[in-house]
1. Normalise the Debye intensity by I(0) for the stretch 3-208, one equal point scatterer per Cα, no solvent, then take log10 at q = 0.15 Å⁻¹ and round to two decimals.
2. I'd like the chymotrypsin sites (Phe, Trp or Tyr not before Pro) in the stretch 1-95 restricted to DSSP loop residues with at most 14 other Cβ atoms within 10 Å, sorted by number.
3. If packing is taken as the average number of other Cβ atoms within 10 Å across a peptide's residues, how do 244-254, 363-373 rank, most packed first?
4. Run the dipole for the stretch 214-370 about the Cα centre, Lys and Arg Cβ at +1, Asp and Glu Cβ at -1, nothing else charged, and hand back the magnitude in debye, nearest 20.
5. Cα convex hull of the stretch 214-370: how many Å³ per residue?
6. Translational diffusion coefficient of the stretch 146-296 at 10 °C, 1.306 mPa s, Stokes-Einstein with Kirkwood Rh over Cα pairs, in µm²/s as a whole number.
7. Just flag the trypsin sites (Lys or Arg not before Pro) in the stretch 281-366 sitting in loop per DSSP whose Cβ has no more than 16 other Cβ atoms within 10 Å.
8. At ILE380 and GLN366, where each label point lies 7 Å from the Cα along Cα→Cβ, what is the point-to-point distance in nanometres?
Amino acid sequence: MNFSELGLHPSILKAVEATGYTEPTDVQAQAVPAALAGADLLVSAQTGSGKTAAFMLPSLCRLAEPSAVKGYGPRILVLTPTRELAMQVEKAAATYGREFRRLRTVSLVGGAPYGPQLKQLSQPVDIVVATPGRLMDHMERGKIDFDRLEVLILDEADRMLDMGFIDDIQMIVARTPKTRQTLLFSATLDGVVGKLARELTRDAQRIEVARKEDPAAQIDQKLHFFDDPMHKMRLLDALVRDATLKQAVVFTATKAGAEDLSEELRDRGFLAEALHGDMPQHKRTRTLDRVRNGRVQFLVATDVAARGIDVAGISHVINFDAPRQAEDYVHRIGRTGRAGRSGIAVTLVGFRERHLVRNIERYTGQAIEVATIPGLEPTIKPRPEGGKRPWSDKPGYKGKRPGGEWKGKPGGGWKDGQGKPWGDKPGYQGGADRPGFKPRGDKPHAAAGQQQAHKPKRAERFW
Ligand code: ADP
Ligand code: MG
């Protein structure tokens, strides 16, 4: 399959060819022709599969013709969960739309000052890329009209719901023209996302690019077991000195953890910087720029802040704190091995966190290899043969859940007193249905991480 067979407008095709892509990815090959034909789409495809171009290319083609409706409002609206993703989408629009004489994009994200956004909105605009909360603010002030809107895109829809944006999304969509085309992208189309997707689209075509047996064939995944926090730090120290490591994202469970660890790495002489949701937008942007131009070797980040980040030089992902949710694992390791390159993903796990590994392995359908570093082997055997087995491995063990059976849902944290049991309830919408709930950027999710910050101590007391 060649890009020229997709039916793109010549100037878009020219811009794509200038990027050096040789052929469309699976999701692009399926979604682009369908979107060009005007269909609503529900698309699920794994991270790194090229979804941005899959929605941006066909949508941009519409801008080759002038709008049939008079007005200043956007013709394309992209909703994304985070500021970083919004910036990536805006950049993609500029890249693929570079042949257009004047492409006007505005990014409306939380954490950035209102002034420049308002100024941009007072001029005609083609594309708005927004996080739902800030877009709602502008709508409530009457600063934006959707009379000209032709395409509505929801990128990472599942994540937006996780972050409690459902009410905002529904209110935004209700204000857009019924004639719009809706393109919804999500890691999964099950559960709440599927329901929302059906509400927002008409006769949508469903495109599911099969999760490859191996979610990340070109990513070499390893586990290192640690005995105690000091051992964990020594392992990290050895890992970051690996000569094959060009750049790495190091994941921590909490924002404070990201700050502390980046400082620790800097103390040890490494070029490390933190990235998390509490940092002001300009700082986050600057940090990412410094990663992109190679001035930062280690980006120490939380799940939410690093979601969807695409930096070619990232050779390693190090899960300093093991992810609580199997799904987060897949998103984390997807920060390396981008666009066909190879990558290495290393996860540090305490013995009491083995259930997290089991959840991940069940979710990806793939066992992760246990590795050791000479001189830094753990003293406890990860999978004891014979002898005393840890209680949690006892046959018939149903978990310590009070008054009931452990349901064994991935990510449910009841078993060890961590996690957020309410987050697993069917229909749970990130708290958005609570009275007085106000979603603020990626805060709600980050706040959940914060709660966990204190609880993991429980596991650590055993060391
Ligand atoms: P997703 O949103 O599915 O996680 P992205 O849209 O961020 O993935 O794309 C991942 C990377 O793949 C980006 O660096 C992008 O430039 C690159 N990419 C996209 N399409 C192609 C293609 N057809 N050929 C090669 N690289 C591509
Ligand atoms: Mg994406």
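Please treat every number below as a calculation from the coordinates, not as lab data. Since the structure is predicted, the reported quantities are computational estimates derived from the model, not experimental observations. With ideal geometry, Cβ positions are generated from the backbone for all residues, glycine too; neighbour counts draw on all protein chains shown.
1. Summing over Cα pairs of the stretch 3-208 leads to -0.89.
2. Numbers: sites: PHE3, TYR21, PHE55, TYR72; in loops: TYR21, TYR72.
The qualifying sites are TYR21, TYR72.
3. On the way: 244-254: 21.0, 363-373: 13.7.
Per-residue mean Cβ counts within 10 Å order the peptides as 244-254, 363-373.
4. Details: 24 positive and 22 negative charges, 85 e Å.
For this selection, approximately 400 debye.
5. Numbers: hull volume 16.0 nm³, N = 157.
Spelled out: Cα convex hull of the stretch 214-370, divided by residues, is 102 Å³.
6. Working: Rh = 19.5 Å.
Reported coefficient: 81 µm²/s.
7. Working: sites: LYS283, ARG284, ARG286, ARG290, ARG292, ARG295, ARG307, ARG324, ARG332, ARG335, ARG338, ARG341, ARG352, ARG354, ARG358, ARG362; in loops: ARG295, ARG307, ARG324, ARG335, ARG341.
Taking the stretch 281-366 and a limit of 16 other Cβ atoms within 10 Å, the loop trypsin sites (Lys or Arg not before Pro) found are ARG295, ARG341.
8. Modelled inter-label distance: 2.7 nm.
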